[in-house]
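Have a look at the structure below before the remarks.
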Amino acid sequence: MPLPTAPAEHVERALCVLAHPDDVDFGSAGTVAQWTAAGTQVSYCIVTDGDAGGFDETPRDQMPVLRRAEQTAAAAAVGVTDLHWLGYPDGRLEPTLELRRDISRVIRQVRPQRVLTSSPERFYERIGASHPDHMTAGESTLRAVYPDARNPFAHPELLADEGLEAWTVSEVWLGGGPRPDHVVDVTDVVERKWAALMSHVTQVSHLPEGQLQQFVGGWMRQTATDHGLPEGRFAEAFQVVYTG
């Protein structure tokens, strides 16, 4: 069968698998807001609790609780209420079989047609996008999509002990990578993205008022320009991989 030439116009369910609380909001919250507005049920799978983040003296044992609450509020701002937490340590993520199994479990639970995750490729021109945890989450998610989640003989305990049938994901959207090929104009929902980002108080409250929107908005406008959108638009871009 020939591969699709464009993403599906609409899917019933989508799953976003990201390394840290706030990753989905910096890169994809506008896109998620559009999906939920169109009736797609979006779920989040956050691999770590972000316990190595922050810019003040918050005790480390308190940070996971704060960041889960912040991500929950941020998700609500763009219409997402189904969140799955894997609880891996921030900054120490490795592509293990256990991580592949845990992501496969969530894929089989949610049964999404579309998965959004981080690119596993290093982006040398924008190195901040290529945090090792981001690349590990992306690589592990791709391995979970193919072959693990669709193979009933991979991680057999998921079926034998938890009754989770194999599931095939049709497409994966990779964010923060070096070769995006699909752009989403999020201008009409950008205020919802700002609301989501501002929910991450432990991560952004140290910034002067307006600086976050100026910084993130700047590269969103550049993304729009790079992909041929009119001047002044805000956009998020992805590499779409057809995995069905």
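The values are calculated or read from the model by the stated rules, or taken from the named source; none is laboratory data. All values reported here derive from a predicted model rather than from experimental measurement. Don't worry about glycine lacking a Cβ; one is built from the backbone with ideal geometry, like all the others, and counts go over all protein chains shown. With ligands, DNA and RNA removed, areas are computed over all heavy atoms of the protein, side chains included. Shrake-Rupley method; radii C 1.70, N 1.55, O 1.52, S 1.80 Å.
Identify, please: which residue in the range 1-45 is acidic (D, E) and under 25 Å from P132 (Cβ atoms) and is, among those, nearest to the chain's Cα centre (by Cα)? Quick ask: steps written out before the conclusion?
Of all residues in the range 1-45, those acidic (D, E) come to 9, 12, 22-23, 25.
So of that shortlist, the ones also under 25 Å from P132 (Cβ atoms) come out as 22-23, 25.
Values: D22: 9, D23: 6, D25: 8 Å.
Applying the filter and picking the extreme gives D23.
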Here the qualifying pairs (Cβ atoms under 8 Å; residues six or more apart or on different chains; first in the range 191-203 and at negative phi; second open to solvent by 50 Å² or more (accessible area, probe 1.4 Å) and not in a helix (DSSP H, G or I)) come out as T202/F55; T202/D56; Q203/F55
Screening R192, R122, R143 for residues that are in a loop (DSSP other than H, G, I, E, B), at pLDDT 95 or above, of a type outside the set (A, V, I, L, M, F, W, C) and open to solvent by 20 Å² or more (accessible area, probe 1.4 Å) leaves only R122
Listed by first then second residue, the pairs whose first member lies in the range 31-51 and is under 19 Å from A195 (Cα atoms), whose partner is among the basic types (K, R) and part of a strand (DSSP E or B), with beta carbons under 8 Å and at least 6 positions apart or on separate chains, are V42/R13; S43/R13
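Any residue at all in the range 65-87 that's acidic (D, E) and modelled with pLDDT under 95? Write out each step before concluding.
The initial filter retains those residues of the range 65-87 that are acidic (D, E), namely 70, 82.
If we keep only those that are modelled with pLDDT under 95 too, we end up with none.
No - not one qualifying residue is present in the range 65-87.
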